[in-house]
Amino acid sequence: AVSLPVPNLTLAGELNTWTAEQFPTTLHTGVTPTGRQLIDDMPWKLYGNMTDDDLTAIYNYLHTLPGGN
């Protein structure tokens with residue numbers, strides 16, 4: 001089995017550098033604000049079918065998780 005790196009979805013990780021506008025765009029396109037392509041093993045395509053409002057709600061929730069500034 002292949003072990004995939006687990007992204008840090010708290011504010012201590014890369015998400016801290018993304019804006020509320022960049023988060024839905026990343027999940028719609030599969031490309032991060034820094035130009036990195038998300039791998040297909042991650043469920044970004046499923047989330048990418050969600051509305052911008054739903055993705056913004058997820059983004060806001062992730063910003064409530066402990067682990068960052």
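Computed over protein heavy atoms with a 1.4 Å probe, the carbon and sulfur contribution to the accessible area of the chain reaches 59%.
Accessible surface for the chain, divided over its residues, is 68 Å² per residue with a 1.4 Å probe.
Here the simple spin-label model places points 7 Å from the Cα toward Cβ, and for Thr34 and Leu46 these points are separated by 2.6 nm.
In this structure the amide hydrogen of Val31, modeled in the peptide plane, comes within under 5 Å of the amide hydrogens of Leu38, none closer than 5 places in sequence on its chain.
Quick one: net charge of Tyr61's neighbours, Cβ under 14 Å, K/R +1, D/E -1? Please report the intermediate quantities before stating the final value.
Values: positive: none; negative: Asp53, Asp54.
Net charge in that neighbourhood comes out at -2.
Relative protection proxy for 20-28, 52-60, from highest mean packing down: 20-28, 52-60 (other beta-carbon atoms within 10 angstrom).
For Ala57 and Glu14 in one chain, what is 0.36 nm times their gap in residues minus the Cα-Cα distance, to one decimal in nm? The partial results should precede the final answer.
Values: separation 43, 0.36 × 43 = 15.48 nm, distance 1.78 nm.
Fully extending the segment from Ala57 to Glu14 adds 13.7 nm.
For Asn8, nonlocal amide neighbours, meaning residues 5 or more places apart or on other chains whose placed amide H falls under 5 Å from its own, are Glu14.
The values are calculated or read from the model by the stated rules, or taken from the named source; none is laboratory data. All values derive from a computational prediction rather than experimental measurement. Ideal geometry is used to build each Cβ from the backbone, glycine not excepted, and the neighbour counts take in all protein chains shown. Surface accessibility is based on the protein's heavy atoms, side chains included, excluding ligands, DNA and RNA. Shrake-Rupley method; radii C 1.70, N 1.55, O 1.52, S 1.80 Å.
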